[in-house]
Amino acid sequence: MSHNDLKASEFNKVVGQRILKQRLNKKLTQTKLAKELFVTFQQVQKYEKGINGVSGFRIKQLSLALEVPVNYFFDYPITVIDGKLCSPNVSVDNNQNVSKREPQDKQLDTNKERSE
């Protein structure tokens with residue numbers, strides 16, 4: 001199962017994609033967002049690419065600057081198995097059997113219903 005564990009780098013990329021998406025929706029440049037966060041535009045680039053993780057404090061700043069709730073950055077399906085975060089293409093049945101699913105859509109879809 002270790003090949004399915006959600007790595008910090010994958011998590012950072014998901015959060016970064018959310019930052020980028022909302023920054024573009026708000027028609028902000030990286031420089032303008034960086035000024036609101038009191039960081040360099042290079043740091044915003046690193047967040048958006050998932051190179052650097054985003055602290056809880058910075059998430060709060062981002063939520064205010066981008067006018068989204070804090071959970072916007074984390075609201076995507078994940079599974080926890082034996083205390084490990086697993087990627088969305090891992091399913092667990094009622095007997096705790098783990099199986100890999102093929103992703104239906106490689107892009108983030110925040111409007112998809114989560115019946116799992």
Give the residue, chosen from Asp93, Asp109, Asp82, Asp75, that is acidic (Asp, Glu), out of contact with any strand residue (DSSP E or B) (no Cβ under 8 Å at 6 or more places or on another chain) and at pLDDT below 50. Asp109
The number of residues in region 39-70 that are farther than 12 Å from Ile19 by Cβ and crowded, with 18+ Cβ neighbours inside 10 Å is 0
Among (1) surrounded by fewer than 17 Cβ atoms within 10 Å (Cβ to Cβ); (2) assigned to a helix (DSSP H, G or I); (3) modelled with pLDDT of 80 or more, where does His3 come up short? (3)
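Conditions tested, residue by residue: (1) within 21 Å of Phe74 (Cα to Cα); (2) touching a strand residue (DSSP E or B) at 6+ places or on another chain (Cβ under 8 Å); (3) acidic (Asp, Glu).
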| position | (1), (2), (3) |
| --- | --- |
| Val15 | yes, no, no |
| Arg23 | yes, no, no |
| Lys27 | no, no, no |
| Gln45 | yes, no, no |
| Glu48 | yes, no, yes |
| Ile51 | yes, no, no |
| Ser55 | yes, no, no |
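The values are calculated or read from the model by the stated rules, or taken from the named source; none is laboratory data. Here the structure is a predicted model, which means the values were calculated and not measured. Methodologically, a virtual Cβ is constructed for each residue, glycine included, from the backbone with ideal geometry; neighbour enumeration extends over all protein chains shown.
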